[in-house]
Amino acid sequence: MHTTALVLFSGGQDSTTCLAQALSKYERVETLGFDYGQRHHIEMDTRRVVLANLRERFPQWAPHMGEDHVLTLAALQQLGGSSLTDEVAFAMQADGLPNTFVPGRNLLFLTLAGALAYRRGLQVIVTGVCETDFSGYPDCRDDTMKAMQIALSLGLERRLLIETPLMWIDKADTWALAHSLGGQALVDLIIEDTHTCYLGDRVHRNAWGYGCGTCPACELRQRGWARYSARDANASSSP
């Protein structure tokens, strides 16, 4: 039986929802963030706020919250070519992928997460990748996660489970999952404290949280919020 987990935690909506689920499920949960020269570097600050507020507002989870780790990956910025690391406009590439794709990012994230899990004695790696509501990133696919799980388990000579709670749900369902885990209090925390916007906008406050409202990440989060809100309104009005 698995009792410990390492959550890849950026401080965004998805990873915060995954963290809440892990805290509801495992005895000890540690978190891991990556500083890779991302344009939305503000997420490195907001993630600390999210962790602090989770401890304060959800006392039932606080005893399960373990150490937070941050690793640097400057090589991803050195490779360049992505609108997440370079000051270029968001666009589609010739290969059909958006230029927000950072080649190898999730593969590196999971490799380092596996090494950290090995050192910390953690059994499960939790990541918020999704194939239902995503931008076409090949390193977010279920097949990629299964392959990485096998590779890490073989390469580390230790059985590691990669858990992907959001793989088959969309953003509206992610909002709903957060509500089922922590009620309106968790939804409010995600709105106010988490960060998704690729441009790092913490000035414009929307119904779904802070962000420019026009980058791909904001558009996805906004559409999910609209569907979730409409669903919630319909349920409230039903007799």
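When the range 1-44 is filtered for residues that are assigned to a helix (DSSP H, G or I), of a type outside the set (S, T, N, Q) and touching a residue at least 24 places away in the same chain (Cβ under 8 Å), the ones remaining, listed by number, are Asp14, Cys18, Leu19, Ala20, Ala22, Leu23, Glu43, Met44. Filter the range 53-83 for residues that are at pLDDT 90 or above and assigned to a helix (DSSP H, G or I); which is nearest to the chain's Cα centre (by Cα)? Checked the range 53-83; the qualifying residue nearest to the chain's Cα centre (by Cα) is Leu54. Collect the residues in the range 191-226 that are assigned to a loop (DSSP other than H, G, I, E, B), among the aromatic types (Phe, Trp, Tyr) and at pLDDT 95 or above, keeping them in residue-number order. Trp208, the sole residue that qualifies.
For the range 207-225, a tally of residues being touching a Gly at 6+ places or on another chain (Cβ under 6 Å) and surrounded by fewer than 22 Cβ atoms within 10 Å (Cβ to Cβ) returns 0.
For the criterion of being in contact with a Cys (Cβ under 9 Å, 6 or more places away or on another chain), closer than 27 Å to Ile42 by Cα and in contact (Cβ under 8 Å) with a residue 40 or more places away in the chain, Tyr198 passes.
For the residues Leu177, Leu152, Leu181, the requirement of being touching a Pro at 6+ places or on another chain (Cβ under 8 Å), aliphatic (A, V, I, L, M) and in a helix (DSSP H, G or I) singles out Leu177. Here is a check on your reading of the model: is Val50 over 20 Å from Pro216 (Cα atoms), outside any helix (DSSP H, G or I), over 11 Å from the mean Cα position of the chain (by Cα) and β-branched (Val, Ile, Thr)? Considered against the rule, which asks whether it is over 20 Å from Pro216 (Cα atoms), outside any helix (DSSP H, G or I), over 11 Å from the mean Cα position of the chain (by Cα) and β-branched (Val, Ile, Thr), Val50 comes out as no.
Is at least one residue of the range 7-22 among the hydroxyl-bearing types (Ser, Thr, Tyr), surrounded by 22 or more Cβ atoms within 10 Å (Cβ to Cβ) and either out of contact with any strand residue (DSSP E or B) (no Cβ under 8 Å at 6 or more places or on another chain) or modelled with pLDDT under 85 (or both)? The answer is yes, given that some residue of the range 7-22 is among the hydroxyl-bearing types (Ser, Thr, Tyr), surrounded by 22 or more Cβ atoms within 10 Å (Cβ to Cβ) and either out of contact with any strand residue (DSSP E or B) (no Cβ under 8 Å at 6 or more places or on another chain) or modelled with pLDDT under 85 (or both).
Taking the range 147-172 as the range and being free of Cβ contacts under 8 Å to residues at least 40 places away in the same chain and either more than 15 Å from the chain's Cα centre (by Cα) or surrounded by 13 or more Cβ atoms within 10 Å (Cβ to Cβ) (or both) as the test, the residues that pass are Ala147, Gln149, Ile150, Ala151, Ser153, Leu154, Glu157, Arg159, Thr164, Met167, Ile169. Taking the range 24-42 as the range and being out of contact with any Lys or Arg (no Cβ under 9 Å at 6 or more places or on another chain) and crowded, with 24+ Cβ neighbours inside 10 Å as the test, the residues that pass are Val29, Leu32.
The values are calculated or read from the model by the stated rules, or taken from the named source; none is laboratory data. In this text the structure is predicted, and so the values were computed from the model without any measurement. All Cβ positions, even for glycine, are placed from backbone atoms using ideal geometry, and neighbour counts span all protein chains on display.
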